[in-house]
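Colleague: Just dropping this structure here.
The values are calculated or read from the model by the stated rules, or taken from the named source; none is laboratory data. Only a predicted model underlies this, so the values are computations on that prediction, with no experimental measurement involved. Glycine also receives a Cβ, built like all others from the backbone with ideal geometry; neighbour counts cover every protein chain displayed.
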Amino acid sequence: MKKTLLLLFLLMSAALFAQTQTITYSINPQTFEDTTPITITVDGSSINEGTWSVTGNALYLWSWSYDINDTAQADSPSNGSWTASNEASRFTYNSATDTYTKTFTPSVYFNRNGIGKIGFLIKAKDGTGAKQSQDILVEVGTFQVNLTAPVENSATILASGSNFNITATNTNGLASYSLKANGVVINTVASASSYTYLHTSITSNQTYELAVTQGATTITKKFSAIVNPNTVSAAMPAGLVDGINYNSTDATKATLVLDAPLKDFVYVAGSFNNWQPSSAYAMKKDPTSGKFWLELTGLVSGVSNTYQYWVVKTTPIANSPALVKTADPYSTLVLSPYDDPSIPAASYPNMPVYPVGQSFEVTVLKTGQTPYNWKVTNFTKPEKDKLVVYEVLVRDFDAARSYQSLIDKIDYFKNLKINAIELMPVMEFEGNESWGYNTSFHMALDKFYGTSDKLKELIDLCHQNGIAVILDVALNHAFGRNPMVRMWMNDPDGDGFGAPTAENPYFNTVAKHSYSVGEDFNHQSLKTQYYVDRVIKQWIEEYKIDGFRWDLTKGFTQACTANDQNCTNAYQQDRVDVLKKYADYSWSLDPTHYTIFEHLGTDAEEKEWANYRVADPVSKGIMMWGKMTDQYSQLAMGYATNTDISRMASASHGFVANRLMGYAESHDEERVMYKSLQFGASNGSYDVKNLNTALSRMPALGAVSLLVPGPKMIWHFGDLGWESSIFTCNNNTVNTDVDGTAGDCKLDTKPQPQWVNNWLGNSNRSKIYNDWAKMITLKTTEPVFLGTPTIASASTLSVNIKITNSNLSSAQLKDVLILANFDTTAKNVPTGFQYTGIWYNLMDNSTINVTDVNAVINIPAGEYRIYGNKVANLAIEDFEKGNTVSLYPNPVSNYFTLNIATTKVQVYAISGQLVKSFANGNTDSQFNVSDLETGLYVVKALDENGKTQVMKLIKK
């Protein structure tokens, strides 16, 4: 039980399936109805509270209940969350006897009647990191049934023609017994207190139900017998891949392929055989590859089928199950009995129904699907050097938590001028309230945010507006529902979940790095590499994803141990090589695909990737996440220590090209604004801990981060000065886990004040948004920002950044000087202009005459200046205001018209590239853009008086 519950919460747990403590307990009375008060007593000497970091004897009950037939399981409403148990579930400690007690009435505590069994465990308030006991199951009621053979819910493997013995007993007097096999009654006993039946000559799979009735109460026990079909060896047709292979010419057929080394036979059970597979659904085995395969026939085009593999090892190793029922590892859509009931119909309308009577995830198979009709089929990605990425957690972007929310707010992204969105993981993850890193099916889309077509609609819309879409992928690890974990697992308690065994061809039994999350993939395994390649291919080809941000790439080594952080952080050749291999495969499918690693390691290792294939005709190079949160937080707070931001530049890491995706904020670090409000500096009259003062400093933070050449990233709503802590809990309290017992709330769903309180209508917040939008426009349209930066490398509150693009002429904007004062008083900030003459403030085009390149400039506290040697082309004061010029029609198919006479009209791609130019246009002249691709463009028009106007154009 705990293994299915924990997966909602244990993203950062280092030992998801670590050894639990075995406790000594008693229940009084031993036999009870659900309306009887009971007391659970735990022997304190059987628990080592210190290993759970428990203080003050704070132990909690985590419990669940089943109905009379061991189905319809439900958690106790008193549990709370796994990371923060409710006080209502806390045990009472008796120091005199060293015991913990908890008294309750089951029907009240679980808020239900008709309880047949309760389950519970003992845990710390925060149960992460194996801070819990073993699972305990207790029967409820004076009338109880004991299935003595076989084990309840078990699957017994039989040779064809074997006999099968079934025995049971009951309490509280005589009862009647009725045994069904595959839904048909095969034996009855009218009145007995025990039962024995021998089912003889079994040649097909059997699903049994033994119903035992006493008075008005019936208890049903379920179990099964699986017949060994003696797997047929047959060559697999050429060209098949693992997973579902749809027949391109016959929608009544599909071929399934499963790679299951060391397994003896596999059945395919599904809606097409009423979940009772005969020998016709036993998979064949290819003698060359060893893979199992089966062609399905008689399918109906457009109908959703569901299926599982029944994977069998007739002589399993100790604690490993003989039979595992699992969805397809290569599923692109799965149904979950755990998560699907709480998915809103508005987010996923007409979701296929999970099949009654089954357990664990099932795969959806549907022939004759209509492909998505992409409007943009040849999207040109923004250059890596110009990328400004907006990192988004769909769950926390809007209260509706859906792709539709992002679609509805596409103007928010467009007006900010970002040119890429990075979605935190949307692959099938465990639970619904998640960051998504607890992935279970890497090729399937999680349904909580919406349908496959809705995500494609979002991607298509972004492409129409010049915005790339990057997907955060967690391929270092998988979690316990993953089929490749479950097919080779230790499962001593028989609940269907467990950690990998030594036989597992995909996963390590112990993590080979010190940042263990979930179960650790072995990336030296060729089978793992094949799986990763298939994942890459799925998202590039099916969803047109423009790039991947690879989570936790430090975990891709086999050279270290879980306790050796020095090894994990050091250069590892196997990790370098395999990650290059994955990048190569991505580029083989899409030469312009973005590859981004969250490595945060040594320069020696990172530059191997950053410099990799940058000299290709289509320049490659892997972008590296560049965490600079501490330094930028110090600047925002107004403290001069640890403020050296020189490593925001790629060259400081040894990268030959701009491949450092630097950022001041990401989902993993505390919010800059929160730290400013909590710990900001003050001089009395100027206090950074004041909200509006802290907000006023954020534009300057953007100037000294976003404009540094190379790709950059914004964590969502930093552009509006989001000030809530990342440790904000569901109840809006902040818990930074000071004592290690209450959970840090980092993964909790966050509130949505940015929309409810109309932050864009707040002048202090919208100034950040608007200033950053202009900075991003400068970065993405002005070639100077492809140049070389010089960042004063010192811990100071006076930031000085010089940028020069030596490839440009002196007649162009080729030199920029960025100054900022993060002190709490006005300061004379050293300048160091590149030369004397007229310089322009690029934010408003005002001018200064520089006669002394080393003259200081007085800048008020928290403000900044951006100077250039020439006026910026597109970042002018009236940018996109369109006061005097109208462009119509818009969107445009072939021609557009301007209502003024012009001397020059230029059309720019959103990336800043000039794509069309016209001269000497008259009033109402038509400008032919029929040859342009669908998307968003910027039109720059120069009128007869030399005044420039800039406006958007949407090509349809």
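Colleague: Which one is surrounded by the fewest Cβ atoms within 10 Å (Cβ to Cβ), of the residues in the stretch 934-945 that are touching a residue at least 24 places away in the same chain (Cβ under 8 Å) and assigned to a loop (DSSP other than H, G, I, E, B)?
Modeller: The first filter runs over the stretch 934-945 and keeps only residues touching a residue at least 24 places away in the same chain (Cβ under 8 Å), leaving 934-944.
Subset that is assigned to a loop (DSSP other than H, G, I, E, B): 934, 944.
Values: Thr934: 16, Glu944: 10.
Within the stretch 934-945, the match that is surrounded by the fewest Cβ atoms within 10 Å (Cβ to Cβ) is Glu944.
Colleague: Quick check: is even one residue across the stretch 544-560 of a type in the set (S, T, N, Q), part of a loop (DSSP other than H, G, I, E, B) and farther than 15 Å from Leu423 by Cβ? Let's see the steps before the verdict.
Modeller: Residues of the stretch 544-560 that are of a type in the set (S, T, N, Q), as a first pass: 553, 557-558.
Right, trim to part of a loop (DSSP other than H, G, I, E, B) and you get 557-558.
When the remaining residues are screened for being farther than 15 Å from Leu423 by Cβ, the result is 557-558.
Within the stretch 544-560, one or more residues are of a type in the set (S, T, N, Q), part of a loop (DSSP other than H, G, I, E, B) and farther than 15 Å from Leu423 by Cβ.
Colleague: What single numbered condition from (1) closer than 22 Å to Leu552 by Cα; (2) touching a strand residue (DSSP E or B) at 6+ places or on another chain (Cβ under 6 Å) fails to hold for Glu433?
Modeller: Answer for Glu433: the failing condition is (2).
Colleague: Condition test on Leu333, is it more than 30 Å from Arg659 (Cβ to Cβ) and over 22 Å from the mean Cα position of the chain (by Cα)? Lay out the reasoning, then the answer.
Modeller: Details: more than 30 Å from Arg659 (Cβ to Cβ): yes; over 22 Å from the mean Cα position of the chain (by Cα): no.
No: the conditions fail for Leu333.
Colleague: Checking Ile219 against (1) buried (at least 16 other Cβ atoms within 10 Å of the Cβ); (2) at pLDDT 95 or above; (3) more than 28 Å from Lys313 (Cβ to Cβ); (4) more than 40 Å from the chain's Cα centre (by Cα), only one condition comes out false. Which one?
Modeller: Unmet condition: (2).
Colleague: So, of the residues in the stretch 519-543 that are in contact with a strand residue (DSSP E or B) (Cβ under 7 Å, 6 or more places away or on another chain), assigned to a helix (DSSP H, G or I) and touching a residue at least 40 places away in the same chain (Cβ under 8 Å), which turns out to be surrounded by the fewest Cβ atoms within 10 Å (Cβ to Cβ)? Explain how you work it out, then say what you get.
Modeller: Pass one, the stretch 519-543, residues in contact with a strand residue (DSSP E or B) (Cβ under 7 Å, 6 or more places away or on another chain): 519-522, 528, 534-535, 538-539.
Applying the additional criterion that residues be assigned to a helix (DSSP H, G or I) yields 528, 534-535, 538-539.
When the remaining residues are screened for being touching a residue at least 40 places away in the same chain (Cβ under 8 Å), the result is 534-535, 538-539.
On the way: Arg534: 16, Val535: 20, Gln538: 19, Trp539: 22.
Among those that are in contact with a strand residue (DSSP E or B) (Cβ under 7 Å, 6 or more places away or on another chain), assigned to a helix (DSSP H, G or I) and touching a residue at least 40 places away in the same chain (Cβ under 8 Å), it is Arg534.
Colleague: Restricted to the stretch 544-582, and to residues that are surrounded by fewer than 22 Cβ atoms within 10 Å (Cβ to Cβ) and aliphatic (A, V, I, L, M), which residue is farthest from Pro483 (Cα to Cα)?
Modeller: Result: Ala570.
Colleague: Just one of (1) in the same structural domain as Ser201 (by TED's automatic domain parsing); (2) at pLDDT 90 or above trips up Asn153, so point out which.
Modeller: For Asn153, the exception is condition (2).
Colleague: Step by step: first the residues of the stretch 591-614, then only those that are touching an Asp or Glu at 6+ places or on another chain (Cβ under 9 Å) and either modelled with pLDDT under 95 or within 17 Å of Val473 (Cα to Cα) (or both), then the one that is surrounded by the fewest Cβ atoms within 10 Å (Cβ to Cβ). Which residue is that?
Modeller: Filtering the stretch 591-614 for residues that are touching an Asp or Glu at 6+ places or on another chain (Cβ under 9 Å) and either modelled with pLDDT under 95 or within 17 Å of Val473 (Cα to Cα) (or both), the one surrounded by the fewest Cβ atoms within 10 Å (Cβ to Cβ) comes out as Leu600.
Colleague: Please list, ordered by first then second residue, the pairs with beta carbon atoms under 7 Å, 6 or more apart or interchain, first in the stretch 70-92 and within 17 Å of Ser133 (Cα to Cα), second at pLDDT 80 or above and small (Gly, Ala, Ser).
Modeller: Asn79/Ser63; Asn79/Ser85; Asn79/Ser89; Ser89/Ser78; Ser89/Gly80; Arg90/Ala58
Colleague: If I ask for residues that are farther than 19 Å from Val334 by Cβ, hydrophobic (A, V, I, L, M, F, W, C) and part of a helix (DSSP H, G or I), which ones from the stretch 458-517 would you list?
Modeller: Answer for the stretch 458-517, where residues must be farther than 19 Å from Val334 by Cβ, hydrophobic (A, V, I, L, M, F, W, C) and part of a helix (DSSP H, G or I): Leu458, Ile459, Leu461, Cys462.
Colleague: Also: Which of the residues spanning the stretch 912-933 are in a loop (DSSP other than H, G, I, E, B), crowded, with 17+ Cβ neighbours inside 10 Å and modelled with pLDDT of 80 or more?
Modeller: Val929, the sole residue that qualifies.
Colleague: So, one more: Would you point out which residue out of Gly80, Gly56 is at positive phi, at pLDDT below 95 and buried (at least 16 other Cβ atoms within 10 Å of the Cβ)?
Modeller: Details: Gly56 fails: buried (at least 16 other Cβ atoms within 10 Å of the Cβ).
Among Gly80, Gly56, only Gly80 is at positive phi, at pLDDT below 95 and buried (at least 16 other Cβ atoms within 10 Å of the Cβ).
Colleague: May I ask you to list the residues in the stretch 131-140 that are assigned to a loop (DSSP other than H, G, I, E, B) and modelled with pLDDT of 90 or more? I'd like the intermediate steps shown before the answer.
Modeller: Looking only at the stretch 131-140, we keep the residues that are assigned to a loop (DSSP other than H, G, I, E, B), and these are 131, 134-135, 140.
Selection gives Val140 alone.
Colleague: Can you list residue pairs whose Cβ atoms sit under 6 Å apart, with the first residue in the stretch 674-691 being touching a residue at least 12 places away in the same chain (Cβ under 8 Å) and the second being in a loop (DSSP other than H, G, I, E, B) and of a type in the set (D, E, K, R)? Count only pairs 6 or more apart in sequence or on different chains.
Modeller: Tyr674/Glu723; Leu677/Lys689; Leu677/Glu723; Gly680/Lys689
Colleague: I'd like the residue in the stretch 360-418 that is surrounded by fewer than 17 Cβ atoms within 10 Å (Cβ to Cβ) and among the small types (Gly, Ala, Ser) and, out of all such residues, is nearest to the chain's Cα centre (by Cα).
Modeller: Checked the stretch 360-418; the qualifying residue nearest to the chain's Cα centre (by Cα) is Ala399.
Colleague: Go through the stretch 858-885 residue by residue and tally those that are under 40 Å from the mean Cα position of the chain (by Cα), modelled with pLDDT of 95 or more and over 15 Å from Asn800 (Cβ atoms).
Modeller: Adding up the residues that qualify gives 2.
Colleague: May I ask you to verify whether Lys689 is part of a loop (DSSP other than H, G, I, E, B) and either surrounded by 22 or more Cβ atoms within 10 Å (Cβ to Cβ) or at pLDDT below 95 (or both)?
Modeller: Details: part of a loop (DSSP other than H, G, I, E, B): yes; either surrounded by 22 or more Cβ atoms within 10 Å (Cβ to Cβ) or at pLDDT below 95 (or both): no.
No.
Colleague: Okay, next question. Say we look at the stretch 233-252 and pick out the residues that are over 28 Å from Val532 (Cβ atoms) and assigned by TED's automatic domain parsing to the domain that holds Lys284; which of these is surrounded by the most Cβ atoms within 10 Å (Cβ to Cβ)? Full working, then the answer.
Modeller: Applying the first criterion (over 28 Å from Val532 (Cβ atoms)) to the stretch 233-252 yields 233-234, 249-252.
Retained after the next criterion (residues that are assigned by TED's automatic domain parsing to the domain that holds Lys284): 249-252.
Details: Thr249: 5, Asp250: 12, Ala251: 17, Thr252: 13.
Residue satisfying both the conditions and the ranking: Ala251.
Colleague: So how many residues does the stretch 469-495 have that are out of contact with any helix residue (DSSP H, G or I) (no Cβ under 7 Å at 6 or more places or on another chain) and among the small types (Gly, Ala, Ser)?
Modeller: Selection size over the stretch 469-495: 2.
Colleague: Inspect the stretch 791-812 for any residue being within 20 Å of Gly832 (Cα to Cα), without any contact (Cβ under 8 Å) to a residue 60 or more places away in the chain, touching an Asp or Glu at 6+ places or on another chain (Cβ under 7 Å) and of a type outside the set (A, V, I, L, M, F, W, C) and give the result as yes or no.
Modeller: Within the stretch 791-812 (the criterion being within 20 Å of Gly832 (Cα to Cα), without any contact (Cβ under 8 Å) to a residue 60 or more places away in the chain, touching an Asp or Glu at 6+ places or on another chain (Cβ under 7 Å) and of a type outside the set (A, V, I, L, M, F, W, C)), the answer is yes, since at least one residue qualifies.
Colleague: Separate question: Quick check on my filter: what residues within the stretch 744-802 are assigned to a strand (DSSP E or B) and either outside the structural domain of Thr824 (by TED's automatic domain parsing) or among the hydroxyl-bearing types (Ser, Thr, Tyr) (or both)?
Modeller: Result: Thr788, Thr790, Ser798.
Colleague: Which of the residues belonging to the stretch 405-432 are acidic (Asp, Glu) and either in contact with a helix residue (DSSP H, G or I) (Cβ under 7 Å, 6 or more places away or on another chain) or under 23 Å from Val532 (Cα atoms) (or both)?
Modeller: Narrowing the stretch 405-432 to residues acidic (Asp, Glu): 408, 411, 422, 428, 430.
Of everything in the stretch 405-432, those that are acidic (Asp, Glu) and either in contact with a helix residue (DSSP H, G or I) (Cβ under 7 Å, 6 or more places away or on another chain) or under 23 Å from Val532 (Cα atoms) (or both) turn out to be Glu422, Glu428, Glu430.
Colleague: What number goes with the only condition from (1) surrounded by fewer than 17 Cβ atoms within 10 Å (Cβ to Cβ); (2) in a loop (DSSP other than H, G, I, E, B) that Ser320 does not pass?
Modeller: That leaves (1) as the condition not met.
Colleague: Here's something else I'd like to know. Looking at the stretch 767-783, which of its residues are polar (S, T, N, Q), in contact (Cβ under 8 Å) with a residue 12 or more places away in the chain and in contact with a helix residue (DSSP H, G or I) (Cβ under 9 Å, 6 or more places away or on another chain)?
Modeller: Initially, the stretch 767-783 is screened for residues polar (S, T, N, Q), giving 770, 777, 780-781.
Retained after the next criterion (residues that are in contact (Cβ under 8 Å) with a residue 12 or more places away in the chain): 777, 780-781.
Selection gives Thr780, Thr781.
Colleague: Filter the stretch 634-667 down to the residues that are more than 30 Å from Arg395 (Cβ to Cβ) and touching a Pro at 6+ places or on another chain (Cβ under 7 Å), then identify the one that is surrounded by the fewest Cβ atoms within 10 Å (Cβ to Cβ).
Modeller: Going through the qualifying residues, I end up with Ala649.
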